[in-house]
Amino acid sequence: TAEGLLSEDGALEVGASGFSIEPFIYAGGELYGWAAGEAEHWLERGELPMPSVRRRAGPLVLTVTAFAAGEPGASSLYARYRVENPGATAASATLFLALRPFQVNPPWQFLNIAGGVARIRALAWDGEAVRVDGRRRVFPITPPAAFGAATFDQGDVVHALRAGSVPPSTEVSDPFEAASGALAYPLELAPGGAAEVYIAVPLHETAPIAIRPTLDPAQARARMDSLLEEVAGAWAAKLDRVEIRLPPAGREVERTLRTVLAHILINRDGPAIQPGSRSYSRSWIRDGSLTSAALLRLGHHETVREFAEWYAPYQFPDGKVPCCVERLGAGPVPEHDSHGQLIYLIAEY
């Protein structure tokens, strides 16, 4: 019921209508952000829903990898920030991870939820995690050298980052609800060298994190690599129930099919099949019946059965089938194909 979003520039939105964590690199007296250079994108194993964004940051290269792990209702987001020095000389830099009052979900997405800005009323560093509005927590698995925050009236945190530092306050309360802050990681990179920083963000208030903060970089990397492989293996098992044989030219078609299957399963809330995780976080019988037809062919028959058994009881006493169901219940809008779509869903199963 909770999903993160990773932007094409590497900003990580921590939940619906939530703030984002945006990476910046300060090197050679310059601050490099999302507009610094062209970005490349890929998925783990070419198809799993574990995205990476790679972009230039002046003389350095930044790669952001994100994934989610944990049981439903107790899951967390994890992110890896890898900074590489491809040059022939050593480089000093600072990686900043900024918590900013912006969503990845854009403002033109308005159905059911308003995209664009996010509210941050309070930020506080307690020595282990950054607390946002006293509820959400950002755990730096790699402990930072510093954390600083500012209110809207004090100026966005990026103003401080341009000078290579964070604001002096480690705790702020902002009546304008647009506070921002940043974790700071000074890095010394040998020629051809790299450094990695890891964070975890519980998607639910009481969710545990699988990897605790540690001062040992090798231990953090081993734990993160192990968790990433565990999650990748679990996704592969879900997506490989049907063997697909295509000529080499069709490899991307096969990968796309598996990735779309992963997105269907991610956007599903309990038994409810939903087209999206933000504006389209509701269940339509038309979408659900056609999605179910695909799921049946890809070996996920139990998912289809659960959806049919969940949706059917929303039929009205007069026999009308609702076009959609959301958290408020069945939608009253008449879409006259809904009855046939429910019959089609059950017949296909």
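The values are calculated or read from the model by the stated rules, or taken from the named source; none is laboratory data. Fair warning: this is a prediction, and the values are worked out from it, not measured in the lab. Every residue, glycine as well, gets a Cβ built from its backbone with ideal geometry; the counts of neighbours run over all protein chains shown. Side chains are part of the model used for accessible areas, which takes the heavy atoms of the whole protein and leaves out ligands, DNA and RNA. Shrake-Rupley method; radii C 1.70, N 1.55, O 1.52, S 1.80 Å.
Listed by number, the DSSP H helices of the chain that run 30 Å or longer by alpha-carbon position along their axis and have mean Kyte hydropathy of at least -1.0 are 217-239.
Note on Ile244 and Ile346: with the Förster distance fixed at 30 Å, the Cβ-Cβ geometry gives a FRET efficiency of about 0.65.
Springs join every pair of Cα atoms under 10 Å in this Gaussian network model of the chain, and among Ser17, Ser226, Ser277 the largest mean-square fluctuation is at Ser226. Diffusion of the chain by Stokes-Einstein, at 4 °C in a medium of 1.567 mPa s and with Rh set to the Kirkwood radius over alpha-carbon pairs, works out to 59 µm²/s. Measuring max minus min along each principal axis, the C-alpha atoms of the range 209-349 give extents of 64, 42, 23 Å (largest first). A straight chain from Gln315 to Glu171 at 0.36 nm per residue would run longer than the Cα-Cα distance by 46.7 nm. Against the criterion of solvent-accessible heavy-atom surface with a 1.4 angstrom probe, Val242, Val321, Val333 sort, most first, into Val333, Val242, Val321. A straight chain from Phe152 to Ser17 at 0.36 nm per residue would run longer than the Cα-Cα distance by 46.7 nm.
Once you reduce the range 217-262 and the range 59-115 to the center of their Cα atoms, the two points are 20 Å from each other. Of the solvent-accessible surface of the range 6-122, computed with a 1.4 Å probe over protein heavy atoms with every protein chain present, carbon and sulfur atoms account for 54 percent. Residues considered: Leu60, Leu97, Leu77. Largest GNM mean-square fluctuation over the chain, using C-alpha springs under 10 Å, is found at Leu60. In the range 188-324, the portion of solvent-accessible area held by carbon and sulfur atoms comes to 55 percent [1.4 Å probe, whole percent, DNA, RNA and ligands not counted].
With the other protein chains left in place, how much accessible area per residue, in square angstrom, belongs to the chain at a 1.4 angstrom probe?
48 Å²
According to the square roots a ≥ b ≥ c of the eigenvalues of the Cα gyration tensor, what is the shape class of the range 195-271, taking rounded for a/c under 1.5, prolate for a/b larger than b/c otherwise, and oblate for the remainder? Oblate shape, in that a/c is at least 1.5 and b/c is the bigger or equal ratio. Taking Phe147, Phe307, Phe176 in turn, the Gaussian network model of the chain (Cα-Cα springs below 10 Å) assigns the largest fluctuation to Phe176.
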